[in-house]
Amino acid sequence: MPQAARADDGVLLDSVMAVVNHHSITKSEVDRELKPTFEKIHAAYQGQAYLQLIASLEYNVMMKKINERLELEEADRLGLSVTDDEVDHAIDDIMQKNNIQARWQLKNALASQGLTFRQYRKKLKKQLTVMKLVNQEVRSTVVISPDEVRDYFLKHRDDYRLPGHVSLADIFLSIPEGATPAQIAVVQKKGEHILRQINRGDDFEMLAGSESQGPNAESGGHLGNLTKDQLLPELIGPAFSVPVGQTSGLIQSGRGFYIIKVLAREAQPYQKFDDIKQSILNTLTKKTTEKRIRLWLEKLRAHSYVAIYARRENGTGNSTGEIIPQ
């Protein structure tokens, strides 16, 4: 590993973690970016665990900086740049999305992260340059056809099932708050009478309209389509086991007694293709773009000199041997 820079009195100043062509990535540069993270994790980790986590974080940031350096040099080679006006517009968008009204508020927020406004502009300009480069060189080449979207849907249909749902109607008889056993027995007796009426063929909807104390009594007790997590625990079993078109027995809950009728049920219906095709297109575009970016970065590295001296295990030490000459 290249020797760390030292002051005349022998105090360690910095060390080189990696070299990309003619540019060095130093430990102090990496640690500056990680400073807010260091402060957050310092209280939660100690000893060797802390050192290993720090080394891992440093290594990951270093790898990102290697990629960023390769991308910036490629943007420079292609003559791509970002103007000050573009940076200002991006800052305005960020402020609007984060409900920041004034620049001084943004500067205060940046200061809490250890950044000056000037450093933030410089960092943002690099990010916008990389974004412009990647859009031109990679994202613009990604085209997903309608056939690919449909093929993906057919091969992964089980990933696009909806939760099982059931359409119910109910008759609800309320138990008064603080009811005595005798009062509960009266309500139960009324429920059993209604159940006998249903079993002899009386219309469920008419009985719901005349006898139910539930909020949907006027609509014949119809509750609509419900999933398991929308049902009372006492109703889940009957709702998903009573045959469609049939009626349950009398079901007691803490609030009262229920009689439910199962109107329709689907165990786990498939989502309609037209409803999810845009989501699938977005998924395929994202996956394809990420893969092509990785391949594109590998190509940039293959035509550059990249030497990595830091190790993931402890953040220092000898070269990993990962030296890619131009």
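The values are calculated or read from the model by the stated rules, or taken from the named source; none is laboratory data. None of these values were measured; they are calculated from a predicted model. Note: ideal-geometry Cβ built from the backbone for every residue, glycine included; neighbour counts use all protein chains shown.
Quick check on the stretch 20-48: of everything there that is modelled with pLDDT of 85 or more, in a helix (DSSP H, G or I) and hydrophobic (A, V, I, L, M, F, W, C), which residue is farthest from Ala310 (Cα to Cα)?
Leu34
Name the residue, out of Arg150, Arg118, that is among the basic types (Lys, Arg) and within 29 Å of Ser81 (Cβ to Cβ).
Numbers: Arg150 fails: within 29 Å of Ser81 (Cβ to Cβ).
After applying the criteria, what remains is Arg118.
For the stretch 139-156, what are the residues that are among the hydroxyl-bearing types (Ser, Thr, Tyr) and not in a helix (DSSP H, G or I)?
Across the stretch 139-156, the qualifying residue is only Ser145.
So which residues in the stretch 185-226 are touching an Asp or Glu at 6+ places or on another chain (Cβ under 6 Å) and on the phi > 0 side of the Ramachandran plot, if there are any at all?
Gly220, Gly221 - these are the residues of the stretch 185-226 that are touching an Asp or Glu at 6+ places or on another chain (Cβ under 6 Å) and on the phi > 0 side of the Ramachandran plot.
Listed here are the residues, each with its yes/no results for (1) surrounded by 13 or more Cβ atoms within 10 Å (Cβ to Cβ); (2) assigned by TED's automatic domain parsing to the domain that holds Glu290; (3) more than 30 Å from Asn282 (Cα to Cα).
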residue	(1), (2), (3)
Asp84	no, no, yes
Asn99	no, no, no
Asn108	no, no, yes
Thr116	no, no, yes
Arg121	yes, no, yes
Leu128	yes, no, no
Lys132	yes, no, no
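Can you pull out every residue in the stretch 230-281 that is more than 23 Å from Lys189 (Cα to Cα), surrounded by fewer than 15 Cβ atoms within 10 Å (Cβ to Cβ) and in contact with a Ser or Thr (Cβ under 7 Å, 6 or more places away or on another chain)?
Ala264
Please find, among Leu124, Leu168, Leu115, Leu110, the residue that is at pLDDT 95 or above and out of contact with any strand residue (DSSP E or B) (no Cβ under 9 Å at 6 or more places or on another chain). Full working, then the answer.
Numbers: Leu168 fails: out of contact with any strand residue (DSSP E or B) (no Cβ under 9 Å at 6 or more places or on another chain); Leu115 fails: at pLDDT 95 or above; Leu110 fails: at pLDDT 95 or above.
None of the other options fit; the residue is Leu124.
Please state which one of Ile259, Ile251 is free of Cβ contacts under 8 Å to residues at least 24 places away in the same chain, touching a helix residue (DSSP H, G or I) at 6+ places or on another chain (Cβ under 8 Å) and under 29 Å from Ile194 (Cα atoms). Don't jump to the end; show me each part of the working.
Working: Ile259 fails: free of Cβ contacts under 8 Å to residues at least 24 places away in the same chain.
Going through Ile259, Ile251 in turn, just one is free of Cβ contacts under 8 Å to residues at least 24 places away in the same chain, touching a helix residue (DSSP H, G or I) at 6+ places or on another chain (Cβ under 8 Å) and under 29 Å from Ile194 (Cα atoms): Ile251.
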